[in-house]
Amino acid sequence: MYQLTVCLLDENKEVLHEYKPEPVILDPDTDDCSWRQVTQTFHDYGPGLRFISFEHGGKDTSYWNGWFGVRVTGSSVTIDL
């Protein structure tokens, strides 16, 4: 299971906008467990943005032999002025 939360925060670190999609769940018994990409673009969020909080991670929910949780690569936050 992989979870992601991205928040746009003001100067007091209060949330202006939040992106928290449903967790991505991979099950080796029912799918090929290929890489999945999760992306989000914020538009027209208004004035006051000062910080971006990016939190992600995951865990193995069934403890399959040889599987040790989520694998994450290429994570980034890009700002386009």
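Quick note: the coordinates plus some simple rules give every number you see, no bench work behind them. Not measured: the values here are computed from a predicted model. When we count neighbours, we look across all protein chains shown, and the Cβ atoms used for this are built from the backbone with ideal geometry, even at glycine.
When you count the other C-beta atoms within 10 angstrom of each residue and take the mean per peptide, 2-11, 26-35 line up highest first as 2-11, 26-35.
Neighbour counts of other Cβ atoms within 10 Å put GLU14, GLU22 in the fewest-to-most order GLU22, GLU14. Summing charges over neighbours of GLN40, with a neighbour being any other residue whose Cβ is under 15 Å away from its Cβ, gives -3 when K and R count +1 and D and E count -1.
Note on LYS59/THR30: beta-carbon distance plugged into 1/(1 + (r/R0)^6) with R0 of 25 Å gives a FRET efficiency of 0.85. Listed from fewest to most Cβ neighbours within 10 Å, the set ILE79, ILE52 follows the order ILE79, ILE52.
In order along the stretch 46-57, phi translates into HN-Hα couplings of x, x, x, 5, 10, 9, 10, 9, 10, 10, 8, x Hz, rounded to whole numbers, per the Karplus curve 6.51 cos²θ - 1.76 cosθ + 1.60 with θ = phi - 60° and x for Gly and Pro. For LEU4, no residue whose modelled amide H falls within less than 5 Å of its own remains once neighbours fewer than 5 places apart on the same chain are excluded.
Given N residues in the stretch 2-58, what is its alpha carbon radius of gyration divided by 2.2 N^0.38 Å?
So the stretch 2-58 has a normalised radius of gyration of 1.44.
Legend: calculated FRET efficiency, SER75 to GLU22, from the Cβ-Cβ distance at R0 = 25 Å, rounded to 0.05, equals 0.85.
Close amide-amide hydrogen proximity is noted between VAL70 and GLY58, LYS59, ASP60, each under 5 Å apart and 5 or more residues distant or on a separate chain (H modeled in the peptide plane; Pro and chain starts excluded).
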